[in-house]
């Protein structure tokens, strides 16, 4: 059995033009290996974002960051740190939230999305009371979420594109 490991979040990916904040829970072991959110090659986040904006799939970390920022999407994690076994969100212990308000001061972010039910639950409990902005839960793009096909994920993530291209585009939908 794997041991619990203390894990830290990366710095946020953001610039002054971001309108949308997409939050994961905490970087997975494979993401930590490559030093980028959604870095597991089997994670479908980057292919979904590329499809949403009709762009080629970026290969390098720099290209992935540029894709997000070009479309006014900031990326970060709900948690600053926690203890976790592997990439299993269900094993999270001792969660410490990121200071979401600090990121909201850096750009005109009007919409927050959480990738996966654990990120959404932790955001609602730990972050929303401090920053005052509710988040829309999206399905996880993790390879562990086999219930959702690639095409279903692209459809579910369309509100991200809408919010990134607009100043008001809320669906109120929650995906599990």
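The values are calculated or read from the model by the stated rules, or taken from the named source; none is laboratory data. As the structure is a prediction and not an experimental result, all values here were calculated from the model. Note that we place each Cβ from the backbone using ideal geometry, even for glycine, and neighbour counts take in every protein chain shown.
Some points to look at:
- Qualifying residue in segment 22-30 (condition: assigned to a loop (DSSP other than H, G, I, E, B), touching a strand residue (DSSP E or B) at 6+ places or on another chain (Cβ under 6 Å) and either under 20 Å from residue 122 (Cα atoms) or at pLDDT below 95 (or both)): yes
- Flag for residue 16 being assigned to a loop (DSSP other than H, G, I, E, B), out of contact with any strand residue (DSSP E or B) (no Cβ under 6 Å at 6 or more places or on another chain), over 23 Å from residue 120 (Cβ atoms) and at pLDDT 95 or above: yes
- Taking (1) in contact with a strand residue (DSSP E or B) (Cβ under 9 Å, 6 or more places away or on another chain); (2) more than 18 Å from residue 159 (Cβ to Cβ); (3) assigned to a loop (DSSP other than H, G, I, E, B) in turn, residue 6 satisfies each apart from (3).
- Note on segment 15-34: residues that are surrounded by fewer than 20 Cβ atoms within 10 Å (Cβ to Cβ) and within 20 Å of residue 99 (Cα to Cα) total 4.
- Per the conditions (1) without any contact (Cβ under 8 Å) to a residue 60 or more places away in the chain; (2) surrounded by 14 or more Cβ atoms within 10 Å (Cβ to Cβ); (3) closer than 21 Å to residue 28 by Cα, the sole criterion not satisfied by residue 156 is (3).
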